[in-house]
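First comes the structure, then the notes that go with it.
The values are calculated or read from the model by the stated rules, or taken from the named source; none is laboratory data. Because the structure is a prediction, the values reported are computed rather than measured. Cβ coordinates were reconstructed from backbone atoms using ideal geometry, including for glycine residues, and neighbour counts include every protein chain displayed. Please note that ligands, DNA and RNA were not included when accessible areas were found on the heavy atoms of the full protein model with its side chains. Shrake-Rupley method; radii C 1.70, N 1.55, O 1.52, S 1.80 Å.
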2 protein chains.
Amino acid sequence: MLPQWLLDRLATETAGFATVGSRMKLVIDLSRLNVGQGTGGPFGAAVFDAGNGTLIAAGVNRVVPLNNSTAHAEMLAIAAAQQKLGCFDLGAKGMPDCELVTSCEPCAMCFGAIPWSGIRRVVCGATAADAQRIGFDEGPRHPDWVAELEKRGIHVQTGVCRDAAARVLNDYQSAQGVIYNGRVA
Amino acid sequence: MLPQWLLDRLATETAGFATVGSRMKLVIDLSRLNVGQGTGGPFGAAVFDAGNGTLIAAGVNRVVPLNNSTAHAEMLAIAAAQQKLGCFDLGAKGMPDCELVTSCEPCAMCFGAIPWSGIRRVVCGATAADAQRIGFDEGPRHPDWVAELEKRGIHVQTGVCRDAAARVLNDYQSAQGVIYNGRVA
């Protein structure tokens, strides 16, 4: 599911990501690289061990090249982290304190995937408004999505490095990248 | 992602499924077989061409065996249909009238995945209450999920063969199958 350049890049990222900002910087880089490499849409995400800043796994949007509308960055990052740690529940006993860092707020699907994943913390860059401004759509996300996650013990932080994250979206639009939604027909 | 027995079974299903009831019967069969074969949880789903009743693709819940919390039956059925038809949008021009038939109402994630998928119709067997009664959780699904889909032009039908679908869930509980949720730790 993941492009080769991403796997190569991850192999070089052996140092810890001590701050939330440094983790966000990585996923914004991935979102931009994904467009530049022609391997998908302008979205990146990764799962970190929030305890020591270790990068566990990452994902980028692969919807168009893989012909798979479920292949959002967050979904692939979650699935890759679960593969790596050998458990379908990243919140199970013995797991690290897993944090999902995403270059853009989760859409309705990715939001719904988070409680099942065992992720304990979610950090978002660009906002739903930033994505919508260029024509992407978050879908029918729960209107109280942050509160719904928080009440399940999942901490949410939004707007981290928002300008840098939104810039990737704006540049994608300027370059006339494919904007897909539920109805592109 | 799909177990071999399912691929073998699909290869034999060459006749059309003329009625919604016959389509639901198939996915209920798949949900029961998935447990019997030890290849995942008690959920099945399939995508049909609602125009002529042709089976396009199917999925079953593979969360535990694949260590992947995103591997719900509906997600795998949607992804498989998109692979088969070579398009990330099943609602694009030239596509068949794609109907997702699922043995149980979609959870928050699968609900959120539907608008991106291009699915035009959703048919559900067991209800959220049936799943919750045995300990599964639909997650933070939009409170007006049916209306949210309908307003995007996606027709929703619930409670089709509900008793037969719920029986698979009840039997799974009786056999002490693994019930996983956001927090199993």
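Before moving on, here are some points about what is shown:
- Counted by Cβ distance under 15 Å from B:G21, the other residues give a net charge of +1, where Lys and Arg count +1 and Asp and Glu count -1.
- Backbone N atoms of the range B:33-77 closer than 17 Å to the 7 Å Cα→Cβ label point of B:S22 belong to residues B:46-57.
- Checking every one of the trypsin sites (Lys or Arg not before Pro) in the range B:68-141 against DSSP loop status and a limit of 11 other Cβ atoms within 10 Å picks out B:K93.
- Antiparallel content of DSSP bridges confined to the protein assembly as shown, in %, to 5: 60
- Inter-chain shielding of A:104-112 (mean C-beta neighbours from other protein chains, 10 Å cut-off): 6
- Net charge, B:V63 excluded, C-beta distance under 14 Å - Lys, Arg +1, Asp, Glu -1: -2
- Averaging Cα coordinates gives a centre for the range B:105-148 and one for the range A:61-94; these two points are 20 Å apart.
- From most to least packed by mean Cβ count within 10 Å, the peptides A:96-105, B:2-11, A:11-20, B:24-33 give A:96-105, B:24-33, B:2-11, A:11-20.
- Accessible surface buried by the A/B pair amounts to about 3700 Å², both sides summed, 1.4 Å probe.
- Surface per residue (accessible, 1.4 Å probe) for the range B:55-183, Å²: 34
- Candidate lysines for bridging to B:K93, where Cα separation is under 29 Å - those fewer than 8 sequence places away on the same chain excluded: B:K84, B:K151
- Within-14-Å neighbourhood charge of A:C161 [Cβ basis; K, R +1; D, E -1]: +1
- By DSSP, the beta bridges lying fully in the range B:4-135 are antiparallel in about 70 percent of cases.
- The protein assembly as shown, accessible surface, carbon-and-sulfur percent (1.4 angstrom probe): 50
- Relative contact order [Cα under 8 Å, 6+ residues apart], the range A:18-126, whole percent: 25
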